[in-house]
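See below for the structure under consideration.
Just so it is clear, none of the values below were taken in a lab; they were calculated from the coordinates. Quantities reported herein were computed from a predicted structural model and do not represent experimental measurements. Note that we place each Cβ from the backbone using ideal geometry, even for glycine, and neighbour counts take in every protein chain shown.
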Amino acid sequence: MHPMFLSDVERGDHGGPYAHLIDKLQAAGAPVPQIMHLFAYKPDRTEFLSRFTQSVMRGPSPLPAGLRELIAAFTSRRNDCLF
């Protein structure tokens with residue numbers, strides 16, 4: 001994965017609810033999705049985005065959650081983004 005444009009965010013002290021996930025991915029040598037660094041860097045400012053995303057992906061909808069995940073994965077792939 002390419003480094004972020006904001007290296008202070010990527011290398012910063014991990015905090016918030018995403019810190020343990022980042023640590024586990026790094027320990028396993030796996031790439032860390034850049035959005036996770038943002039969530040860890042400013043958890044008080046990304047809480048709304050996290051709630052919104054979970055609502056869109058898991059909330060009431062005429063589409064089942066699995067299909068929404070598939071659409072998100074397809075879109076990420078088309079944008080050359082790790083999902």
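Potential lengthening of the chain between residue 49 and residue 20 amounts to 8.5 nm, from the contour at 0.36 nm per residue minus the alpha-carbon distance.
For the stretch 14-78, a Kirkwood radius taken over Cα pairs fed into Stokes-Einstein (37 °C, viscosity 0.692 mPa s) yields D = 248 µm²/s.
In debye to the nearest 20, how big a dipole does the stretch 14-78 give about its Cα centre with +1 on each Lys and Arg Cβ and -1 on each Asp and Glu Cβ? Please list the in-between numbers first.
Numbers: 8 positive and 4 negative charges, 40 e Å.
Dipole magnitude for the stretch 14-78 comes out near 200 debye.
Taking 7 Å steps out from each Cα toward its Cβ at residue 58 and residue 28 produces label points 1.9 nm apart.
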